[in-house]
Amino acid sequence: MSSAFASLWAEIAPIGLTDNGYLRFALTEPERVLRDWFRNQADRRDMTVTEDGNGNLFAWRGEPWADGVVLTGSHFDSVPHGGGYDGPLGIVSAFLAVDRLPAGRNVAVAAFCEEEGGRFGVPCLGSRLLTGAIDPSHAARLCDRDGVSFEEALGYRPAGPRRLRFKAAVELHIEQGRALDVPVGVASAIWPHGRWRFDFRGDADHAGTTRMADRRDPMLTYAYMVLAANKEARLAGAHATIGRVAVEPNATNAIPSLVRGWLDARAADESTLETLVEAIVKRATDRAGRDGIAVSVEPESVTAEVAFDTALASRVSELLGDAPILPTGAGHDAGVLSAHVPTAMLFVRNPTGVSHSPAEHATDDDCEAGVEALATVLLELT
Ligand code: HGY
Ligand code: MN
Ligand code: MN
């Protein structure tokens, strides 16, 4: 007999599934179908659904936005061709945990908008708007690869912050490293991290007729930056990734005029991160000088280290039979909320640790254990 988790999970598993992982960009068709699914789940539980004017959805047990409600939930959006658990697991688990709470325990389930920053470039966009961590007019103007702005996709100007009167917040999320070898863990911290856009500009020219000595080819300087970032990160015991690049004119037989690469850099502490990014920028700039290339660096989003409420984390760990408490290098909406509301995170074991990939997976048993743990924590906190 399939578990309560497996049958509810099966309802959303096909939504946004491609032949290579999930494509669930914020406010696109698949995510809108997931939002409808969310509203249907809330209706089945007599929960009131509200939007906050920032693209975030909330299902409320009791009075919406009342004092003392405990918030749970996560996000629906995925990285392009990502896994199915990162985000949705926290929302499915939240509805199942609510089913296990006696009446009168007032909780809210959230579906935060654009957590991955995969479409509009700034991660946790919805929770940053809700908490005032980003200016609504700046957010409104963020555009996707097709030039559609967040305001156009939302259908209105984002409302911006509102006073948060939650008693506490708990986000359940699949673990994304290889550090958890029991079904459920508790988060201690989120590494500081950020995204920096490097623009390398050179001279467009003919691939066939331009002598090598006469070229100002930004692709070379870009390639150097990629190698330098990798080297500097290894030396610093930190993480640096360039997973996204854009080339103009992007033609096989044309030397590019512009190569744009996005650096994702993360480290266990602020000073290591700062030193890492400075080293990468310096090496790229020095090399650009030698190559006759112009380079500009734009920080697109920088997220400070999050240290979750230690008393709450230990209380939750104890409640869950001394579940391990561990940090993560992944950003989360819970990290944004933690500056405003006592916040905890529960991790569900990811046997391979692989994430942001179609190979991301958690077992039904561990997901069931996650639901049980979330219900226990919500019962205690409410
Ligand atoms: O990139 C991250 O850390 C998260 O998956 N948004
Ligand atoms: Mn993610
Ligand atoms: Mn996530």
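Of all the numbered requirements in (1) in contact (Cβ under 8 Å) with a residue 24 or more places away in the chain; (2) open to solvent by 60 Å² or more (accessible area, probe 1.4 Å); (3) within 22 Å of K282 (Cβ to Cβ), H206 misses one, and that requirement is (3).
If the condition is being away from ligand 3 (no atom under 16 Å from the Cβ), β-branched (V, I, T) and crowded, with 18+ Cβ neighbours inside 10 Å, then region 302-324 contributes only V316. Only one of the numbered conditions (1) in contact (Cβ under 8 Å) with a residue 24 or more places away in the chain; (2) farther than 24 Å from S93 by Cα; (3) surrounded by 15 or more Cβ atoms within 10 Å (Cβ to Cβ) is not met by A140, and that is (1).
Just so you know, in region 348-359 the residues that are surrounded by fewer than 24 Cβ atoms within 10 Å (Cβ to Cβ) and closer than 13 Å to R178 by Cα include one that is nearest to ligand 2 (Cβ to nearest atom), and it is S355.
Among the residues of region 5-12, is any farther than 21 Å from H332 by Cβ, without any contact (Cβ under 8 Å) to a residue 60 or more places away in the chain, charged (D, E, K, R) and open to solvent by 10 Å² or more (accessible area, probe 1.4 Å)? Checking region 5-12: at least one residue is farther than 21 Å from H332 by Cβ, without any contact (Cβ under 8 Å) to a residue 60 or more places away in the chain, charged (D, E, K, R) and open to solvent by 10 Å² or more (accessible area, probe 1.4 Å). Only one entry of L326, L312 meets the criterion of being in the same structural domain as E114 (by TED's automatic domain parsing), more than 16 Å from ligand 1 (Cβ to nearest atom) and either under 19 Å from L374 (Cβ atoms) or within 18 Å of the chain's Cα centre (by Cα) (or both), and that entry is L312. The residue that is nearest to H361 (Cα to Cα), among those in region 164-178 that are touching a strand residue (DSSP E or B) at 6+ places or on another chain (Cβ under 9 Å) and surrounded by fewer than 24 Cβ atoms within 10 Å (Cβ to Cβ), is Q176. Taken residue by residue, region 156-163 has no member that is in a strand (DSSP E or B) and open to solvent by 20 Å² or more (accessible area, probe 1.4 Å). Checked against the criterion of being open to solvent by 10 Å² or more (accessible area, probe 1.4 Å), in a loop (DSSP other than H, G, I, E, B) and of a type in the set (S, T, N, Q), region 179-189 contains not a single residue that satisfies it.
Take the residues in region 329-347 that are more than 15 Å from ligand 1 (Cβ to nearest atom) and β-branched (V, I, T); name whichever of them is surrounded by the most Cβ atoms within 10 Å (Cβ to Cβ). Step by step, filter region 329-347, then rank; the result is T343. Scanning region 92-106 for residues that are within 16 Å of ligand 3 (Cβ to nearest atom) and at pLDDT below 95 returns no hits. Are any of the residues in region 363-379 within 16 Å of ligand 1 (Cβ to nearest atom), touching a strand residue (DSSP E or B) at 6+ places or on another chain (Cβ under 9 Å) and open to solvent by less than 50 Å² (accessible area, probe 1.4 Å)? Checked region 363-379: no residue is within 16 Å of ligand 1 (Cβ to nearest atom), touching a strand residue (DSSP E or B) at 6+ places or on another chain (Cβ under 9 Å) and open to solvent by less than 50 Å² (accessible area, probe 1.4 Å). Exactly one residue among D333, D322 is more than 16 Å from ligand 2 (Cβ to nearest atom) and either in contact (Cβ under 8 Å) with a residue 12 or more places away in the chain or farther than 22 Å from R24 by Cα (or both), and that residue is D322. Among the strands (runs of 3 or more DSSP E) confined to region 20-91, the ones with at least 2 residues that are within 16 Å of ligand 3 (Cβ to nearest atom) and in the same structural domain as G329 (by TED's automatic domain parsing) are located at 70-75. Restricting attention to region 172-188, the residues being more than 17 Å from D322 (Cα to Cα) and away from ligand 3 (no atom under 16 Å from the Cβ) number 1.
The values are calculated or read from the model by the stated rules, or taken from the named source; none is laboratory data. All of these numbers come straight from a predicted model, not from anything done at the bench. All Cβ positions, glycine included, derive from the backbone under ideal geometry; neighbour counts span all protein chains shown. The accessibility values were calculated without ligands, DNA or RNA, using every heavy atom of the protein model including side chains. Shrake-Rupley method; radii C 1.70, N 1.55, O 1.52, S 1.80 Å.
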